[in-house]
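One structure is given here, and the rest of the page talks about it.
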Amino acid sequence: CEDKMKLAAELTERLVERSVRGLATLPHELRRWLRSAKLSEADTRPLARLQNPESQAWYAGYMVKFVCFYLRVLADEE
């Protein structure tokens, strides 16, 4: 079970990095909408890679924790 958690963590970190790298391939206007907190108005700046790599690692860490939590909940239901 722990090996599955490690694999899930590694895959989540890779997915975050791949997603962030892919931002540059998206149209500018779409990235403005992705950054916006409002449903009816695009943000003035587009969604982009964070300038501080440690910040991305910090957010990716939270995503890893969420994925592992979710997998543990699923395992408990079985």
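Residue under question is Asp76, and the condition is that it be surrounded by 14 or more Cβ atoms within 10 Å (Cβ to Cβ), among the acidic types (Asp, Glu) and either part of a helix (DSSP H, G or I) or more than 12 Å from the chain's Cα centre (by Cα) (or both); does it hold? No. Condition first: modelled with pLDDT under 95 and closer than 30 Å to Ala75 by Cβ. Can you find one or more residues in the stretch 46-57 that meet it? There is at least one residue in the stretch 46-57 that is modelled with pLDDT under 95 and closer than 30 Å to Ala75 by Cβ. Yes or no: Glu2 surrounded by fewer than 11 Cβ atoms within 10 Å (Cβ to Cβ), more than 30 Å from Glu78 (Cα to Cα) and out of contact with any helix residue (DSSP H, G or I) (no Cβ under 8 Å at 6 or more places or on another chain)? When the stated conditions are applied, Glu2 does not pass them. For the stretch 2-35, the set of residues classified as touching a residue at least 40 places away in the same chain (Cβ under 8 Å) and of a type outside the set (Val, Ile, Thr) consists of Lys4, Met5, Ala8, Ala9, Glu13, Glu17, listed by residue number. For first residues located in the stretch 46-69 and touching a residue at least 12 places away in the same chain (Cβ under 8 Å) and more than 16 Å from Arg18 (Cα to Cα), partners that are in a helix (DSSP H, G or I) and charged (D, E, K, R) and lie 6+ apart or on another chain with Cβ distances below 9 Å form the pairs Pro46/Glu29; Pro46/Arg31; Pro46/Arg32; Pro46/Arg35.
Suppose we filter the stretch 25-53 for residues that are part of a helix (DSSP H, G or I), over 15 Å from the mean Cα position of the chain (by Cα) and surrounded by fewer than 15 Cβ atoms within 10 Å (Cβ to Cβ); how many remain? Write out each step before concluding.
Step one: filter the stretch 25-53 for residues part of a helix (DSSP H, G or I), giving 25, 28-35, 53.
Adding the requirement that they be over 15 Å from the mean Cα position of the chain (by Cα) leaves 25, 28-30, 32-33.
Within this subset, residues satisfying the condition of being surrounded by fewer than 15 Cβ atoms within 10 Å (Cβ to Cβ) are 25, 28-30.
The number of residues fulfilling the criteria is 4.
The values are calculated or read from the model by the stated rules, or taken from the named source; none is laboratory data. The shown structure was predicted, so the numbers you read here are calculated from the model rather than taken from an experiment. Glycine also receives a Cβ, built like all others from the backbone with ideal geometry; neighbour counts cover every protein chain displayed.
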